[in-house]
Structure formats: C-alpha cells, structure tokens
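Chemist: My questions will all concern the structure given below.
Values in this text are rule-based calculations from the coordinates and carry no lab data. Source: prediction; values computed, not measured. Every residue, glycine as well, gets a Cβ built from its backbone with ideal geometry; the counts of neighbours run over all protein chains shown.
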Amino acid sequence: MRTTSLIRRFNLARFFQGDAPSPAPWRLNRRNVYILPTRQGIFFGVTLAVILLGAINYSNSLGYFLTFLLGSIALVGLLHTYRNLLQLQLRVATINPAFAGGEVSVPVVLENPGPTPRYRLAIAFADQPPVICELPPGRHTTVTLHKPAGMRGWQPVGRFTLGSTFPLGLFRAWSHVVPDEQYLVYPAPATGAGLPQASRYMASLLGDQGVGSDDFAGLRGYRGGDSLKHIHWKALAREQGLLTKQFGGDRSERLWLDWRMLAGMDPESRLSRLCRWVLEAEQQGLEYGLWLPDQILEPGHGPQHRQQCLRALALFG
Amino acid sequence: MLGFRSLSRPPLANGLLLLAILLVILPHLPHLPIWLALAGLLAIGWRLLHDTGRVPLPGRLVRTGLVVLAILALLATYRTLVGREAGSALLLLMLTLKLFEMRSWRDVTVVVFLGFFVMVTAFLFSQSLLMGIYTLGVVTLLVASMISFQLPAQPFARQPLLRDLRLGSRLLLQALPVALILFLLFPRIPGPLWGLPEDATTGRTGLSDEMAPGRISRLADSNAVAFRVQFDGPVPAPEQRYWRGPILWQYNDNKWQTRPHQIRLLQQFDLRFQGQPVDYQVTLEPHNRQWLFALDMPATLPDNAQVNSEYQLLARRRIDEAYRYPMRSYPDYQLDPQVLAERARYLSLPANTSPRSRELVAELAAKTDSASELVEAVLDYFADQPFYYTREPPLLFDDPVDEFVFETRRGYCEHYASAFTVMMRQAEIPARVVTGYYGGEMNPLADYMIVRQSNAHAWSEVWLEGRGWVRIDPTSVIPPSRVELDADLASRQPEVRSQLDAQRSWLQKSLRQAGFVWDALDNRWQQWVIGYNRSQQNALLKALGLDDINWRTLIMLLFIGIGVALLVIAAVLFRPTPRSAPGNRAARLYRRFLRKLARRGWQKAPGETPARFCRRVAYQQPGVADAVTHITRHYLQLRYAPLNGDQYRRHLKSLRRAVRRFSL
C-alpha cells in the first residue's frame, strides 16, 4: 500500500521541495502532483469577478451565463492540467560524469503509459530554463536537463520539477522529483597549465623496441598470419614483393603525472592541475600514469584509462 | 520558472486569436461610431499583415499617440467614458490597441480577457437566442486560441489549428453542465448594485413620452419584439387588440406630452366592467421605461405596479430586464362614466391653435346634436375626404393640424390621433392621445401572441357624458384603398392582411414560417434563460421539492452540484482503463491480421514470435511474403521502437492500410 499519512501529505516541505530521494521509476499520482493557479489564472479569476458584478448590476442573464461558462471552463481546464501530468513515469538514465564548474547533463526518460497525449510538459532543475516536450499515448522520450555540476565527487541529482500549464495556462500542475541517483564530478581542469616538462621523458629510457602497433619501425618479408592492414601495398605495386610494415614498441615517452610535483599548492588546486594534465596527455596520445598519495595508476592511455584517472582524482581524499 | 513569457511568434495561434477578436467586435459594429468600427477592423488587418511578416507594428511613440487620439475621439463622440455605449466602446478600443503590442504570453492573456469583456458588453445591447449561440462559438474560438498559445512548440498534430479547436470545443462541452448548474443555482442577487447609467439598456421602443406629428418624415420600422402575450382563454378579436401605453394629454408647441406621473389608487377610478374578462400574461422586453402594457381596459394591477391619473399602468422601476406579469382586462368597460375630474386639462389648447379646423369643427357641430354625433361626424370627415395612410408623410411646419387636415392629408396614426384630439378639444369634448400598440400576431406554432415595435400606434380617447372615456381610433376609418401598402402594415390593418397573404410567394411564406419557429424558440429563450430570475429560481427549486430554502442552503446545494459534476467529469477524464492503450491499436490491427491468416489455416503458435511467424508464412507462401513482412515490420516498430508522435502516426496509418488490404 502506498499510503501517505495525513501529516506527511500536508507537509509544506513536500509542497516546495518534494519528497525525500526515492528510487526510480517515479510515477506521478495524486499524492505527488500539486496544482495552483498561475498569475494568469488569478488575473482570470479577477476578470470573472468583474464580469459577474457587471452581470448582477445589469441583471444580465447572458452575462451571468458567460461568467459561469468561463468559470466552468477554467475548472474543467484544471482537471485537464492535472491529468496532463498524472500517471507519467520518469527515470534518470545513465549520467555522464561532469567537470566541476561545468554543467552536468541529466538524461530523463519520460514515459506516458496513459491513453491520452501529454502536451507541453516542462521539465527543469530549479533556476534552469525548462525543456519542453510532448508525449503521445504509450510513447516515451528522453529529455536532457542541465544544471551546474557542483563540487568534485559524487553528487546527488537533486530535485527537478515536471510541470505543465496546458491547456489554458490558468493553472500550473507540477511534481517535484527527487531521484536517488548520483553523478560523478571530476575536478575542474586548471587553465593554462602545460604538461610537466621535467617528467616528460622520465620514463623514455625504459622505452623498448618490442613489437607494437604505434610507430613505424621498418619493413620485413611477409609471414603468414600478418594482418592485411600491415601489408605494404605500394611496395607490392612496385613489384617489390609482399612486405609487411613493422611497427615499433608502444610509445616510448611515458609520463608520470605526480601529485608530488605540485608541492606547495593546496590539494584542490593540485587535483585541478592533475586533471588538466590527464586531459592534455590523453589528447596528445601520450602514455601517462597517475601518482596520488592514496593510489597509483600505472601508465596507460585510452578512454578507459583516462576515465580511471579522472575518477581517482574526483574521489581523492 | 516555466517561462512562457517570451512568445515565439506562432502565426497560426495569432490567426486564430485575430479571428476570435474579429467575431467579438462584430456584434458591436451597428452601434459603434464609424471611425471606431473602421479602426477596429484596421487594427485586426494590420496585425494579420504583421504576423504574415509584411509590415512592422507601430512604434511606441505612434502607439501612445494613437491612444491619446482615440480617447479624445471617444470623448468627442460620447462626451463621457462611462455608460453602456461609451464604456463598451472604450473596452473595444483598448482591445484594438492592445493588438499592436501583443508580444508576450502575458499580452495574449490580456487580449483574450479583454475579448471576454467586450463580448459581455455586447449583451447589454442584445441578449437574443442568436447572440447566445454566437457567444458559444466565440468562446470556443477564444479558448482554442488560448490553447494555441500554450502549444507553440512543435505540436505533434499535423493540423494544430484543428486540434486546438477540437480541444477547445471539448473543454467547452465538458464545462457546459457545470455552467448550467451554476446558472440555475447561483443565488440571484437582484440588481442593480450601483446606479445604472442612463443608457443601461436598449430603449428599443416605438413609443416615447412625447409626440410631434409632422416632425418625423419616416416612421422607423422595427420588427423587434415589444412584448409577447399568452392568453389563458380565447384570443381577443383583432379589433380589440389595443394595448394601452403612455397617455399624452398636454398639447403645447405643436407636440403632445405627458406630465410627471400622478399616481392614483385603483379605487379612485370609477371602473365598470361587463362581459367576459380576458386573462393573460405579458412578457415585456426591457425598454428602460416604467411603462407596462395591457389590453384596454386593465382591471388588475401586477405586483409592483401603479396606475397614474390617466389610468396608465406603470412599474415601480424601469424595466431593464424581461418582465413577465399576469393581467386581466375587460374589453367591455366604462371608465369614469359619471364624473370627470380635472376636466380642464383635457380641454386646454394654446390660443389660436388651428383656426381652420376650429371653423370646421364649429361647422360640423352646428349640424349635430350631441357630442357622440359630432365624434361620428369628424370620423366621417376623415373617411370621406381624400385622407391617405402612409408611413412616409410630408413634413408639417407651422400648424401641423391645419396643414394636415386641409393640405397634405397624408399621415400615419400620430397625425390622425393628434388632429382628431385637437378637433375634439375645439368642440369642448375632453380628449387625450393614447399611445401603445395595436394588433399582434399569433405565433401559429406556439400558443402566444407577438407584439412588435412596428405595432406601435396612437389613438384618441374622448370623454362622453354617461359613457366615460371612449376609445376612438381615427386611423381605422381610412378605407384600405387609401392605405399605401407596406408589408409591415399587415398586423396594423387586419382587413388588408388577407390581401397581403395572397400576394406572398411560397418563399416569403416559408420564410415567414421559419420566422415563427425562430420566434417560438426565442420566446422560450427569453422566458427561461434571459428572464431567469429569483422567482423562477424559487419555482425551479420548488419543483425539485425544495421549498423555502435560504441562500445558505442554496450555496451548499450549488457546491454539491458543482462537486458532483466535476467528479463525474474527472471520473471520465482519469478513468484508469485505457480505451486505446499504448500499442493497443497496433495490437488490435495485428490480431485482425492474424484472424485473416487463421481463416486460411495459418495459425501462429503460442510461443512463436511475430518475426518468426512472419518468416514461416513468407517462406511457405511467397505470394504474400511482401505484405506479411510489411505488416509485421510496422507492428514491431509500433510495439517496440522508440517513436515520436509523427512516426507513430505514420506507422499506425501504414499498418491500418496494409491490414485492411491484406488478403490471401
């Protein structure tokens, strides 16, 4: 039973902030959808009151009727506004990590299991411009919300609001959604900090000439099993026979991004600098390792390595 | 937070709104000054051109200038900004000018709400059934344009305009029962709450409290209904249908006038009735006067009515809404047969009034012995001499009576009544002019009589010793051959009516018939909708078995009624069982397809997926392979693929078509 005690039901905090974080998916129901008149709605009410006064004063029956008709349209419109949100289901899809100081993109999957189309749904984090979407019956869609990423480390998604003023704009129904999902925030990459020169070739002495796939090292005769990609086709065209291009050992420059190199800076600045270095090194295709007081990541490269490094930085301390 | 404040220009929505505003303005056109009517239409046109991207909107300076100019022009036209005419013109002007600065959603709201205001001011001019129906249409359009402005972001309907109209009319239809409950049960507070401006209601009446024959060269034709009458017994004969109204007794400056009313008690009159009474109910259209009309001669007073010294019925306040009152009259009556109080006032004439007619009267009086014979002689004079009845008489200048009697001899009831009354006074016979209505036609489809403004009439009353006040209608002695025909005259001159009827074509006849149908509806409308007031509300509650309820109970009843209605609507709106649930339509179509196959022996095994079943059928029956694959592909898309609205619709359409055409 999804019962809500009366005290909880009329708790003002729920009204303004929504419920405590809860696991997906959220289903909008009578307990978590609120509705109030908009400014236009209040203005409309005042308009009706004035028309009603006029109708009473002039004993004008059609005036009475128009007032009542408009009032009833507003009331029925209220039901429609409410229905526009009811039964909708939401969940948050995987959130890509963000950098501190930047924005995080939160993909929200909205599903309409009901028989009616949903019009003009507005979803937004507080103080962010809303994303507007519509949902035909039985369909789902993904909208991406943005908000400032916040501090380094795991961050809760926080509260976002799904609202609608459809059809008349006189009432606004809304529901605060507080998912219990979290996203990872990497440190903000420091600006204007080039890769550390001192350590650049530190590891290059260890560079081997083993067989790898990065650097062209020479040609040799074709042996069965060699990749077709490595055949020197131009040589074949010049009738020099089948030759295989040989590649030298993986990048000889190995870079250590070392916490200790940044002595004298406060920890966050150090992390920030390291974060920039990781990004730079990855971009330049270098082989890099990360040395942190609590963790050492052996040199490597590629998206996965980069992610591991950034994650270590994000969760440091 | 959910900012709809900035209005990305949705031309369709604007078009809808402009159409609605045009329709809001239309009913006002007849009573607007021409410049304002043109300005309104111009503004709508301008805005339309702007929205289609052709012209810019006027700048702030021009707009301010326009506002100042328009207010000055309004003041020049009406000399005021309040009251019915000026007030509605002002609202209309605001609406029109607001079109020029409609930029945001808030402005749109203001325009729509002003539209509602202007709509309601139109009801001060007309509350006809037609107006009621028209209002429903306009409200639908305004609501649809509100919806349109809510949905500017890529609507997934292919025809957003139609969709908005559909949504709007659905809202309206769902709101109607609630509105009806409110209309019936909302406590009716008798107005006015504050003083009504002078021009509060349309004074559409063919009558006035003064009459100056010869000053108006054309009698206004108005088919507007003055009042309707339901008779309890037989309908009185046409020659008895004199509906008594304002009585004019002071002749000064060539015009007849009444004086401020001197209220009398019914008992102060010496009234004697003979024969059968006529009982009836009059439903009077609002005319903004106190006058009540009754058949000659009324014997009872409705509630809240009085009688003045000329025995004219008066309501205690101006009739500004439809008013229904019961009456009893006796066609056979004597009013003050013995003594005439205030005899002098019915004999007074300014010195030197109409010397030539005075001579004529003296001449006729010499030939007759009694007052009643003289009356006959004067009537004979009108009948024998070449007097004509026309609704477009020549103007009369210095002495209207002499000029009419001896020179032009063409006129309508006012001319005859006025001349006759003056001549009576010249013969020392007390006389006065009675105005009111003459005639009335029965609506053959419903049991009531319609009396129109075109039935307005004037006749005379003379006081004869022993007989009291006797009604004399000098116009009626003009033979039909000297009546200049006019279709409208039919009800005024019963004897020419049959001639007219014979001349009518079938088309005219059926139009006339349709007119009666409409009037019967309009009568119901007037009685039950426009005339719905406190007493009718009480009657309704009584019929529901609720006697004597106070307003608190009424309000409770009202809330219960609205609550129940809204609950019913909510139950329909929020019903949990989806009528055409997600994918259900697709599933239904697919099942139909399976049935078609099953008839030919192709059974889908319980565990078989649609795709596998499709391959099996396609492999064994290559002739339909394409169709089966096609259907299965659309079905699977519809059920499982993430589609947006448009794709969904397209797939569904293809699937529906393919399944319908599919045959083995």
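Chemist: Applying a 10 Å radius around every beta-carbon, put B:246-253, B:585-592, B:345-352 in order of their mean neighbour count, most first.
Modeler: B:246-253, B:585-592, B:345-352
Chemist: Return the ratio Rg/(2.2 N^0.38 Å) for the protein assembly as shown, where Rg is computed over Cα atoms only.
Modeler: The value comes to 1.47.
Chemist: Also, quick follow-up: Could you work out how far helix B:105-122 tilts from the main Cα principal axis of chain B, as a 0 to 90 degree angle to the nearest 10?
Modeler: Between helix and principal axis, roughly 30 degrees.
Chemist: Looking at the protein assembly as shown, how many pairs of lysines come closer than 27 Å at the Cα, when each pair is eight or more places apart or spans two chains?
Modeler: The number of close lysine pairs in the protein assembly as shown is 5.
Chemist: Just how far, in whole angstrom, is region A:24-43 from region B:272-298 if you go by their alpha carbon centroids?
Modeler: Taking the Cα centre of each part, region B:272-298 and region A:24-43 sit 59 Å apart.
Chemist: Follow-up question, since we're still on this one. Normalised by the number of residues in region B:45-163, what is the relative contact order in percent for Cα pairs under 8 Å and 6+ residues apart? Walk me through the numbers on the way to the answer.
Modeler: Details: 58 pairs, mean separation 20.7, N = 119.
Computed value for region B:45-163: 17 percent relative contact order.
Chemist: Could you calculate the FRET efficiency of A:LEU195 with A:ASN96 from 1/(1 + (r/R0)^6), where r is the beta carbon distance between them and R0 is 25 Å, rounded to 0.05? Show your work: numbers first, answer last.
Modeler: Working: r = 25 Å, r/R0 = 1.00.
Taking R0 as 25 Å, the efficiency between A:LEU195 and A:ASN96 is 0.50.
Chemist: Using the alpha carbon gyration tensor of region B:584-661, what are the three equivalent-ellipsoid semi-axes (square root of 5 times each eigenvalue), largest first, in whole Å? Display every interim value, and only then the final one.
Modeler: Working: eigenvalues 90, 31, 27 Å².
Computed over region B:584-661, the values are 21, 12, 12 Å.
Chemist: To the nearest 500 deg cm²/dmol, what mean residue ellipticity at 222 nm is calculated for chain B from DSSP H runs of n ≥ 4 alone, each contributing -39,500 (n - 2.57), summed and divided by the residues?
Modeler: -15000 deg cm²/dmol
Chemist: What is the sum of charges, Lys and Arg at +1 and Asp and Glu at -1, for the other residues whose Cβ falls under 13 Å from the Cβ of B:ILE263?
Modeler: Once all neighbours under 13 Å are counted, the net charge is +2.
Chemist: Follow-up. Obtain the nm distance between the two label points defined at B:LEU349 and A:GLN182 by a simple spin-label model: each point lies 7 Å from its Cα along the Cα-to-C-beta direction.
Modeler: Result: 11.3 nm between the two label points.
Chemist: Can you tell me how region B:11-153 classifies by the Cα gyration tensor, rounded, prolate or oblate, using a/c under 1.5 as the rounded cut?
Modeler: Oblate shape, in that a/c is at least 1.5 and b/c is the bigger or equal ratio.
Chemist: Gap in Å between the Cα centre of region B:311-351 and the Cα centre of region A:48-62?
Modeler: Taking the Cα centre of region B:311-351 as reference, the centre of region A:48-62 is 35 Å away.
Chemist: OK, next. Fewest to most neighbouring Cβ within 10 Å: what's the order for B:SER309, A:SER227, B:SER148, B:SER104?
Modeler: A:SER227, B:SER104, B:SER309, B:SER148
Chemist: Now for a separate question. In whole angstrom, how long is each semi-axis of the equivalent ellipsoid of chain B, when you take the square root of 5 times every eigenvalue of its Cα gyration tensor and sort them from largest down? All intermediate terms of the calculation are to be shown ahead of the outcome.
Modeler: Values: eigenvalues 946, 178, 129 Å².
Semi-axes, largest first: 69, 30, 25 Å.
Chemist: For chain B, calculate the relative contact order in percent as a whole number, restricting contacts to Cα pairs under 8 Å that are 6 or more residues apart.
Modeler: 12 percent
Chemist: Something else about it: Please check which bits of region B:28-61 a label hung off B:LEU72 would reach, taking the label as a point 7 Å along Cα-to-C-beta and the cut-off as backbone N under 17 Å.
Modeler: So the set is B:35-36, B:61.
Chemist: Exposure proxy check: A:TRP154, B:TRP525 ranked by fewest other beta carbons within 10 Å?
Modeler: A:TRP154, B:TRP525
Chemist: Here is a further query. Can you pull the semi-axes for region B:210-503, root of five times each eigenvalue of the Cα gyration tensor, sorted largest first, whole Å?
Modeler: With the √(5λ) rule applied to region B:210-503, the semi-axes are 29, 24, 18 Å.
Chemist: Could you state the number of Å between the C-alpha centres of region A:251-317 and region B:532-573?
Modeler: Measuring centre to centre over Cα atoms gives 76 Å.
Chemist: Can you put B:MET449, B:MET131 in order, fewest other beta carbons within 10 Å first?
Modeler: B:MET131, B:MET449
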